[in-house]
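First comes the structure, then the notes that go with it.
We did not get these values from a lab; they are worked out from the coordinates using the rules stated. Note that the coordinates shown come from a computational prediction; the quantities given were computed from them, not determined experimentally. Cβ coordinates were reconstructed from backbone atoms using ideal geometry, including for glycine residues, and neighbour counts include every protein chain displayed.
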Amino acid sequence: MAVHESLAAFIEDRRLLPPGARVVVGVSGGPDSVCLLHSLHSLGYRVVAAHLDHSLRRGSWRDAEFVLRLASSLGIASVVERLSKSDLPMRGFTLEEGARVLRYGFLARVASERRAAFVAVGHTADDQVETILMHFLRGAGPHGLRGMLPATPMDDVLGGPQGVGLTLVRPLLTLDRAATEEYCRQLGIRPRRDPTNETSAFFRNRLRHRLLPELERYNPRIREALLRLGEVMQVDVAHLENQVRLQIPKTIVARSPGVWAILREPFLMQPQAIQAELLRQAAHLARPEARDFGYEAVRRALRWMGGAQTGKRLAMPGGRELVDEGDEVLIRQTGAPVSYPDHPQLTSIQVRRLRLPFRLELEEGWSMVGRMRRKTGTRAERQGTAEVWFDAGRVEGELTVHPPFAGARVLLSAREEGKVSDLMINRHIPRGARAHWPVVSDEAGILWIAGLRRAARAPVGRTTRKVLVLRLVRPDKERRR
């Protein structure tokens, strides 16, 4: 059959499936999915028919029975499940989107259980035309205008770990519905018809039955034009993604679960097209299950990051937000806690007394230690930002550790003071990390901004008898002394 030849050629050209691969096929019972199941089986692939009954309409169980009988007649394994009414609708999704998420999750689970690396669905060229036109009407950019891809990682589709290691393939994208219906007629198979495909309640149906026929009055080859647009956009987006892939390690850094940092300087050095794609990638990393980070969201974010808009936070679609951290911008699930493993952070903002010797545990495995020792020589060369010495006889009263107070100042020299906040800005400390930064003080004021600056007080000199040693210990740099 011509369908077999077309299908085999497309699979080989796009390298969708290795010969004889085990494939889970999503079968609704309609002509497209029936054609896909039968064709892949005829071409020698080890297929499993999978059907999910959403229970959204009366009599939907008959579709499941049809799939079971069809699979049995072909000697094909099948898996059929039915959802309860409580499974839909899903919070935060439209009915269509919620059904889609559950359907793909079901297919991914069946594939994992059956040790199949591929899931195949019966989207045709007509579905592609409708998808591209739908995205155009919604004002999508290149990613939307490219339409559906012949192969997509399943974890990108699901936005979660259940799809890892699986690939979603669409082998029918070069065939139209007329071809799949003719295929079924030639085999004597009467596929199921979903009456909801005819209702005008759904946007895609209105587009299919009303808008496309009207557009064909202006351009009888509008479907070919839209398919060509999708192919051009696929090539352009593939090139863009290759360029972005090179920039991601230099620009996007993981901070904590659901929180990613965009490094501002290298980001703003990129062309706007690269910036836009980097933003989409970061948004996907922050909340993979949300799919609504489109053109308007990207434009707002770019204006905000470039300084055209003000504010420390910017709410974004999909339960995300941008947070201004100075040299970097966080993109995170709204309210997700942020950790700073590269910086010392107090576990509490309360003022704590320090009694020598001490070891204070900080966040992310950092610690700070303090001890008293006799002076045996200045040995000033051992001091740095991670270890500081003070003349213990000139330290006034008890030691405390606390975060930086508003307006706090540190003695920079015998005649000069500086704001702690300015010092942290100059050292490019992220805004969020400043609020829990450990600062050691005595009763006269700040002695040490841990790891950043020693106050110009109580220096070790000739008359020093005892030395106060304060040391900051990195998680991976701890050494016993």
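The peptide list 277-287, 343-353, 407-417, put in order of mean Cβ contacts within 10 Å with the highest first, becomes 277-287, 343-353, 407-417.
Here's how it looks for residue 168: its modeled amide H is under 5 Å from those of 119, 152, 154, which are all 5 or more places away or on a different chain. Phi angles across region 68-79 convert, under the Karplus curve 6.51 cos²θ - 1.76 cosθ + 1.60 with θ = phi - 60°, into 3J(HN,Hα) values of 4, 5, 4, 4, 4, 5, 8, x, 10, 5, 9, 9 Hz, Gly and Pro given as x. The dipole here belongs to region 183-326: it is taken about the Cα centre, uses +1 on the Cβ of Lys and Arg and -1 on the Cβ of Asp and Glu, and is about 520 debye. A cut-off of 5 Å between modelled amide H atoms, ignoring neighbours fewer than 5 places along the same chain, links residue 173 with no other residue.
Summing Lys, Arg as +1 and Asp, Glu as -1, what charge do residues with Cβ under 14 Å from the Cβ of residue 63 carry, residue 63 excluded? Every neighbour counted, the sum reads +4. Backbone amide hydrogens, once placed in the peptide plane, bring residue 409 within less than 5 Å of 420, excluding anything fewer than 5 places away on its chain.
The protection proxy used here, the mean number of other Cβ atoms lying within 10 Å of each residue, ranks peptides 467-474, 247-254 as follows, highest first: 467-474, 247-254.
If each DSSP helix of 4+ residues adds -39,500 (n - 2.57) and the sum is divided by the residues in the chain, what number results at 222 nm, nearest 500 deg cm²/dmol? Walk me through the intermediate numbers first.
Numbers: 16 runs with 174 residues, N = 481.
The per-residue figure over the chain is -11000 deg cm²/dmol.
Based on C-alpha pairs under 8 angstrom that are at least 6 apart in sequence, the chain has a relative contact order of 11 percent. Here are some values of Rg and Dmax of the Cα atoms in Å: [x] 35.9, 138; [y] 47.8, 164; [z] 31.2, 104. Which one was computed from this structure? Matching entry in [x] 35.9, 138; [y] 47.8, 164; [z] 31.2, 104: [z]. Residue 466: which aspartates and glutamates have alpha carbons under 15 Å from its alpha carbon, excluding same-chain residues fewer than 8 sequence positions away? Cross-link targets: 391, 396.
Antiparallel beta bridges, as assigned by DSSP with both residues in the chain, represent about 75 percent of the total such bridges. Computed about the Cα centre, the dipole magnitude for the chain is approximately 2320 debye when only Lys and Arg (+1) and Asp and Glu (-1) carry charge, each at its Cβ. Farthest toward the dipole's positive end in the chain, which of 339, 444, 258, given Cβ charges of +1 (Lys, Arg) and -1 (Asp, Glu) about the Cα centre? The Cα lying farthest towards the positive end belongs to 444.
Projecting the Cα positions of 232, 207, 159 onto the charge dipole of region 151-232 (unit charges on Cβ atoms of Lys, Arg, Asp and Glu, taken about the Cα centre) puts 207 furthest along the positive direction. Taken one residue at a time, the phi angles of region 424-439 give Karplus couplings (6.51, -1.76, 1.60, θ = phi - 60°) of 5, 5, 5, 8, 6, 7, x, 3, x, 7, 5, 5, 10, 6, x, 10 Hz. Gly and Pro are set to x.
Rounded to the nearest 20 debye, the dipole magnitude of region 106-215 is 200 debye, with +1 charges on Lys and Arg beta carbons, -1 on Asp and Glu beta carbons, and the Cα centre as origin.
Considering only C-alpha atoms, what is the centroid distance from region 250-278 to region 170-235, in Å? Between the Cα centre of region 250-278 and that of region 170-235, the gap is 38 Å.
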